[in-house]
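S.K.: Please read through the structure below; I'll follow up with questions.
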Amino acid sequence: MRIHIALIGFGHVARRFVQLLSESRDALRALDIEPVIVGIATRRHGSVFLDAGFEADTLARFVDLVAAGNAVGPASGSPTALELLQRLGRMRSDARVMIETTVLNVQSGEPAISHVRAALSVGAHVITANKGPVACAYRALADEAAERGLSFLFEGAVMDGIPIFNLVRETMPAATITGFRGVINSTTNSMLCAMERGEDYDEALRRMQDAGIAEADPTLDVDGWDAAAKVAAMANVWMDARVTPRDVVRSGITWKSAIYARAVLALGRRAKLVGMARREADGRLHLRVWLEELEASDPLAHLDDQANALEIDSTPLGRIVITQRDGGLEKTAYALLTDLVALRRRLGR
């Protein structure tokens, strides 16, 4: 099956995804998937579209160009993301897909939400690694996709490539998710571990930035917003929460966390930034991101550096823990590929 793809956003994750498509060519062919990238739209590096699709060597050149800070298209006259999606929608194809990896806006979910709606409006399936649409508008977007007979997939939005959404959707039929808790932000977990080892807050943060784990502006991570967006996303999908990150009670880590982390460690415990959701007996939903002191026996207490873990509480299965020992952009790129495979299986024939 030929699947025509438009990439909206061409940052680290999308560029690694392009490379994974090439590396996985034989495996994808065995699954009857022939991905054809016809368009790339970026915020700062121009946009390109080609009905016949770009050859592998051209895509490799685009990857190198953007990595070096250069453009893939002309500075003026390039198609906008909307224009590119409209051209995708006019193509005759077995399947049309938008893959959206633009930067997260935790307050509004834009422009990613508008990109999702635009893709659905032209008959394109949606795959995204952006937390914004799921955290801020999941129910509306899922309903719109269903009405149009299209897929809205987002495995890469939480915990990189670890298949938490596929796990629940595909392997836990008729189960009810009553809550979850987890260490779901790599930057803050790495910093807390570094501060346990004696680094101060500024030193730990600077090292995370130098390693590319934290952004130049790390406030989304250290202020707890990234974790809050992930909590909102999971609660929306699994618990029909209909919330946004602003509905999550939130705190992050500060310079005082270094003192706290070392004091807790001296008592044989660990300090972790934990995101959680729990359905109360009266039906109300409790959502929180908070720095917590965990007993050594807690599965979340064993996570070092970039490791993440999520404990899902369900009926009738009880508690399930899934751990990610290594995070990173390659894993998120892989999540995009797994969603492409999931889409192919849904389409059948």
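S.K.: Do we find that VAL66 is of a type in the set (Val, Ile, Thr), within 23 Å of the chain's Cα centre (by Cα) and at pLDDT below 95 in this structure?
M.R.: Spelling it out, VAL66 is indeed of a type in the set (Val, Ile, Thr), within 23 Å of the chain's Cα centre (by Cα) and at pLDDT below 95.
S.K.: Return yes when ARG288 is surrounded by 15 or more Cβ atoms within 10 Å (Cβ to Cβ) and either at negative phi or touching a residue at least 24 places away in the same chain (Cβ under 8 Å) (or both) and no when it is not.
M.R.: The answer is yes for ARG288.
S.K.: Filter the stretch 1-54 down to residues that are within 22 Å of the chain's Cα centre (by Cα), small (Gly, Ala, Ser) and buried (at least 20 other Cβ atoms within 10 Å of the Cβ), then give me how many there are.
M.R.: Going through the stretch 1-54 one residue at a time, the tally reaches 5.
S.K.: Return the residues of the stretch 178-220 that are touching a residue at least 60 places away in the same chain (Cβ under 8 Å) and among the polar types (S, T, N, Q); say none if nothing qualifies.
M.R.: Within the stretch 178-220, THR178, ASN185, SER186, THR188, ASN189, SER190 qualify.
S.K.: Whether any residue in the stretch 87-95 is crowded, with 23+ Cβ neighbours inside 10 Å and touching a residue at least 24 places away in the same chain (Cβ under 8 Å) is what I want to check.
M.R.: yes
S.K.: OK, next. Looking at the stretch 140-166, which of its residues are buried (at least 16 other Cβ atoms within 10 Å of the Cβ), of a type in the set (A, V, I, L, M) and out of contact with any Leu (no Cβ under 9 Å at 6 or more places or on another chain)?
M.R.: ALA142, ALA157
S.K.: Hey, another quick one. Between a first residue in the stretch 313-341 that is under 17 Å from PRO299 (Cα atoms) and basic (Lys, Arg) and a second residue that is at pLDDT 95 or above and assigned to a strand (DSSP E or B), which pairs have beta carbons less than 8 Å apart while being 6 or more apart in sequence or on different chains?
M.R.: Going by the 8 Å Cβ cut-off, the qualifying pairs are ARG319/GLU311; ARG319/ILE312; ARG319/ASP313.
S.K.: So, in the stretch 305-349, how many residues would count as being within 21 Å of the chain's Cα centre (by Cα), surrounded by fewer than 22 Cβ atoms within 10 Å (Cβ to Cβ) and among the acidic types (Asp, Glu)?
M.R.: So the answer is 4.
S.K.: Kindly provide the set of residues from the stretch 53-68 that are over 17 Å from TYR334 (Cα atoms) and in contact (Cβ under 8 Å) with a residue 12 or more places away in the chain, ordered by number.
M.R.: Residues satisfying the conditions are GLY53, PHE54, ALA56, LEU59, ALA60, PHE62, LEU65, VAL66, ALA67.
The values are calculated or read from the model by the stated rules, or taken from the named source; none is laboratory data. Predicted, not measured: the structure shown is a model, and the values here were computed from it. Cβ atoms come from the backbone with ideal geometry, glycine included; neighbour counts cover every protein chain shown.
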